[in-house]
Structure formats: C-alpha cells, structure tokens
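See below for the structure under consideration.
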Amino acid sequence: MVEYVKVCSNCGSRDIEPSRNVGYVPGLTGNERYFCRSCGQESVPLLIDESKVENENKDGFYKVAMVPVDTANTKLENIVSEIQWDGNEYVTTDNQTIFEEYKSTIRNNRCSNTIILDLIGIKTRHPNYKILKNIVKPKYNIWLDIGIHNDEDIFDAFTLDAGRVICSSICVSSVQVYEEAFDLSDHILPCICTCGDKVQWKSSANETDLFRVIESLKRIGYEEIIIIDLDCLGKNKGPDKSYASRISETFSGIIFGGGVREEDVTDLKNLKLRGVILDPEFN
C-alpha cells in the first residue's frame, strides 16, 4: 500500500507545519496552507509517495552538511574549504573545491540540510552577498551563518532566503543576544562553539560553562541548539563521542558537530541527539 506524506511545494521539504495565518477555510484540506521551516515559504503542500522522498530527516534526525564558503574568492571558484579553529578564528586548509561540484557530496551523504558558513562574514562582519545569492537556494534546505552580531544581521540573512539563520557564540558577546534574536524569529538557531570544554564568545567576559549556557537557552525557549566542538573540527580524527554523550543528556534538542564523519553518524544517532553536522568531506 502506497503511503503519502505532505511536502513543501516550493522546495520539497517534509519539515512543514500548519500556517499560523488564516489563509484557508477550515475543513477544506485542499486549500490548507503550511509553513516550511526549510525554505521559509508558505504554500499548499504536495502529497508525495513516501518511498520517493529523498534527503529528509524522516525520523526527526537531522544530518546536516557543513559547507564553509570562502567568499573572498569573487571568481566563484574553489570556494568550499575545509576549516579548523586556531584558537581565535576559523582558518582554511588546502582542501578546497567548487561549490557546484561539492553538491554531489551532499547528495551522496543524503544530508537533510546544508549549513553554509560565510567565513568572511564571520571574520569581518562584511558578508559577500553577491556570492551568497548564487549558492543560497531554498531547494538546498539552507541554514546560513553570515556572522550574526546584532538584529540587523538577522534581517540581512533572511533576505537571502535561508531556511534558518545561525547565530554563533563566536560572533556575539552574551546570551542576551539570543534573547533578542528569539523575540525576532523562531527560525533562529543558536550555535554554541566550545574549545577545551569552554564556550567561545566574541567577548571573554561571559559565561563559559556549556551546560549553564544550554540551560539559559532552554529558558529563553529554544527547542534546538547547535553545539560545535572546535577541538575536533577539521582534524579528520572523528568526534569526541564521550563529550557528545554528556551533552546529549542535558537536552533533547542538541545538534552536534565538530569532527563528525559519515561513519560516525550511527553511533551519534544512538546517543539520542537531535542531529549531527558533518565536517566538509574531500576525497
């Protein structure tokens, strides 16, 4: 027997919810509109044969491809880069490729979403919108990190049609920014970066205990939180699974990244994480 599921008619995502706007007649399901968390669009959903739905977190588990973009390259060549943390900022390695070619890696790994990091935006607060507009497409289920520092940055990120906007601790000064972001949109994803078990902030005079920060974000109302272990990011040695296990016990909405490879996904999924973020993969 064929089973059908509702998907966004704009990007094909299953991550949809009934619209909060009154735009249809109750009881007439054919006109019922849904909001898509992936592409941010509102539309009447399509009914698709479930066996034919690809690249979606059918069981509620996110598998996200991390795509760090070197937007300093205005020729749109070799812009996807492997990254590591040098103690102060992201640095790129010699592993690079063209974004158009890298999309095949995302498809092969059957990732449900893609998180694009604008490395220049994160470092300088000056995103390269010309490049980003060429690669941020709703159909790719994009989560976007352009280096959010304040409210204006959040609005700028959403103008690029990102499904969700990442607000990273390495770009903000305190948890207070997350309170302001939450008031603006429920499509903000806090990203807490840690190094040596300490939260990394733009300013050093802040709470560095990860578990207290997680509790603060939960009190604000966040249902999902990204945690990036910078110690393992880009080291090609795999994630610290014991660290991931400890974090997963504190909150059911943790999306964990930092050294995660395709071969690690099953073990991390068994830790009851909300999802994982795969390091860039280069052959």
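The values are calculated or read from the model by the stated rules, or taken from the named source; none is laboratory data. Bear in mind the structure is a predicted one, so any value in this text is a computation, not a measurement. Counting neighbours? That spans all protein chains shown, and the Cβs are built from the backbone with ideal geometry, glycine included.
With respect to ILE120, is the statement that it is more than 15 Å from the chain's Cα centre (by Cα), under 17 Å from SER81 (Cβ atoms) and part of a helix (DSSP H, G or I) true?
Spelling it out, ILE120 is indeed more than 15 Å from the chain's Cα centre (by Cα), under 17 Å from SER81 (Cβ atoms) and part of a helix (DSSP H, G or I).
Output the number of residues of segment 224-242 satisfying the condition of being surrounded by fewer than 19 Cβ atoms within 10 Å (Cβ to Cβ) and in contact with a strand residue (DSSP E or B) (Cβ under 8 Å, 6 or more places away or on another chain).
Within segment 224-242, residues that are surrounded by fewer than 19 Cβ atoms within 10 Å (Cβ to Cβ) and in contact with a strand residue (DSSP E or B) (Cβ under 8 Å, 6 or more places away or on another chain) number 4.
If I go through segment 248-274 residue by residue, how many of them are under 14 Å from PRO190 (Cβ atoms) and not in a loop (DSSP other than H, G, I, E, B)?
Selection size over segment 248-274: 4.
Can you tell me which residues in segment 156-178 are in a helix (DSSP H, G or I) and buried (at least 21 other Cβ atoms within 10 Å of the Cβ)?
ALA157, SER169, ILE170, CYS171, VAL177, TYR178
Can you tell me which residues in segment 205-251 are of a type in the set (Lys, Arg) and touching a helix residue (DSSP H, G or I) at 6+ places or on another chain (Cβ under 8 Å)?
Selection gives LYS241 alone.
Of all residues being assigned to a strand (DSSP E or B) and over 17 Å from the mean Cα position of the chain (by Cα) in segment 179-223, which is surrounded by the most Cβ atoms within 10 Å (Cβ to Cβ)? Just the residue, please.
Within segment 179-223, the match that is surrounded by the most Cβ atoms within 10 Å (Cβ to Cβ) is VAL199.
Residues ILE106, ILE115: which one is in a strand (DSSP E or B), of a type in the set (Val, Ile, Thr) and under 26 Å from THR266 (Cα atoms)?
Going through ILE106, ILE115 in turn, just one is in a strand (DSSP E or B), of a type in the set (Val, Ile, Thr) and under 26 Å from THR266 (Cα atoms): ILE115.
Part of a loop (DSSP other than H, G, I, E, B) and buried (at least 16 other Cβ atoms within 10 Å of the Cβ): is that true of ASP153 in this structure?
no
Looking at this structure, is LYS272 under 24 Å from LEU119 (Cβ atoms) and surrounded by fewer than 21 Cβ atoms within 10 Å (Cβ to Cβ)? Even if it seems obvious, please write down each step before you answer.
Values: under 24 Å from LEU119 (Cβ atoms): no; surrounded by fewer than 21 Cβ atoms within 10 Å (Cβ to Cβ): yes.
Here the answer is no, as LYS272 does not meet what is asked.
Give the number of residues within segment 71-120 that are among the aliphatic types (A, V, I, L, M) and modelled with pLDDT under 85.
4
Is there a residue being farther than 16 Å from ALA65 by Cα, modelled with pLDDT of 95 or more and surrounded by fewer than 17 Cβ atoms within 10 Å (Cβ to Cβ) anywhere in segment 260-269?
Yes, that holds for at least one residue.
Regarding segment 100-116, can at least one residue be identified that is touching a Leu at 6+ places or on another chain (Cβ under 6 Å) and within 16 Å of SER168 (Cβ to Cβ)? So that I can check it myself, show each step before the final result.
We begin by selecting, within segment 100-116, every residue touching a Leu at 6+ places or on another chain (Cβ under 6 Å); these are 116.
Restricting the remaining residues to those that are within 16 Å of SER168 (Cβ to Cβ) gives 116.
Checked against the condition, which is being touching a Leu at 6+ places or on another chain (Cβ under 6 Å) and within 16 Å of SER168 (Cβ to Cβ), segment 100-116 yields at least one hit.
Taking segment 187-198 as the search range and keeping residues that are over 19 Å from ASN150 (Cα atoms) and in contact with a helix residue (DSSP H, G or I) (Cβ under 8 Å, 6 or more places away or on another chain), which one is modelled with the highest pLDDT?
Here is the first cut: in segment 187-198, the residues over 19 Å from ASN150 (Cα atoms) are 194-198.
If we keep only those that are in contact with a helix residue (DSSP H, G or I) (Cβ under 8 Å, 6 or more places away or on another chain) as well, we get 194, 197-198.
Values: THR194: 97, ASP197: 88, LYS198: 94.
Per the stated criteria, the residue is THR194.
Please go through (1) surrounded by fewer than 18 Cβ atoms within 10 Å (Cβ to Cβ); (2) touching an Asp or Glu at 6+ places or on another chain (Cβ under 9 Å); (3) over 25 Å from ASP197 (Cβ atoms) for LYS130 and return the number of the only condition it doesn't satisfy.
(2)
For LYS133, which of the numbered conditions (1) modelled with pLDDT under 90; (2) in contact with a strand residue (DSSP E or B) (Cβ under 7 Å, 6 or more places away or on another chain) fails to hold?
(2)
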